[in-house]
1. Residues of the chain: accessible area per residue at 1.4 Å, in Å²?
2. Could you give the nm distance between label points at residue 52 and residue 14, where each point is 7 Å from its Cα heading toward the beta carbon?
3. Long-range amide H contacts for residue 9: which residues qualify at under 5 Å (H placed 1.01 Å from N, peptide plane, sequence gap of 5 or more or a different chain)?
4. Applying a 10 Å radius around every beta-carbon, put 57-65, 30-38 in order of their mean neighbour count, most first.
5. Return one number: the angle in degrees, 0 to 90 and rounded to the nearest 10, between the long axis of the Cα atoms of helix 23-34 and the longest principal axis of the Cα atoms of the chain.
6. For the range 56-103, state which GluC sites (Glu not before Pro) are in a DSSP loop and have at most 16 other beta carbons lying within 10 Å of their beta carbon.
7. Tell me, what % of the accessible area of the chain is carbon and sulfur with a 1.4 angstrom probe?
8. Could you work out the relative contact order of the chain, using alpha carbon pairs under 8 angstrom and six or more residues apart, expressed as a whole percent?
Amino acid sequence: MTPAPEFVSRHTIAVLVDNEPGVLARVIGLFSGRGYNIESLTVAETDAKQSLSRITIVTKGTPMIIEQIKAQLDRLVPVYRVRDLTVEGPHIERELALVKVKG
């Protein structure tokens, strides 16, 4: 009997981190070191007083892989909170492009 296939799904993960040099490299190093693919990556400062930034990562994986990614991110030292926005309910996704046209 063959095991049931696990389905790969797309997940948006929000990570709240310290806004300091090298944090993004550590988070991305976790993905590259384990062979996980990042489809989209956005980083922005969210609180200047507390020096916090949010890293939003879109990745694909089986439920087991997504849980493993979240657990490994949560263990990193500069990480305060990891949230899987995909499982938190309905949401809207948008794309943005900046195009420069010489006229």
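1. Working: 7600 Å² over 103 residues.
So the chain comes to 74 Å² accessible per residue, rounded to a whole number.
2. Rounded to a tenth, the inter-label distance reads 1.0 nm.
3. Those lying under 5 Å, H to H, from residue 9 are 61, 62.
4. Values: 57-65: 15.6, 30-38: 12.3.
Ranking, from highest mean packing down: 57-65, 30-38.
5. Once rounded, the angle reads 30 degrees.
6. Those that pass, being in a loop and sparsely packed, are 93, 95.
7. 56 percent
8. Values: 141 pairs, mean separation 38.6, N = 103.
Worked out over the chain, it gives 37 percent.
The values are calculated or read from the model by the stated rules, or taken from the named source; none is laboratory data. All figures in this text were calculated on a predicted structure; none of them were measured in a lab. Here the Cβ is made from the backbone with ideal geometry for all residues, glycine too, and neighbour counts use every protein chain on show. Side chains are part of the model used for accessible areas, which takes the heavy atoms of the whole protein and leaves out ligands, DNA and RNA. Shrake-Rupley method; radii C 1.70, N 1.55, O 1.52, S 1.80 Å.
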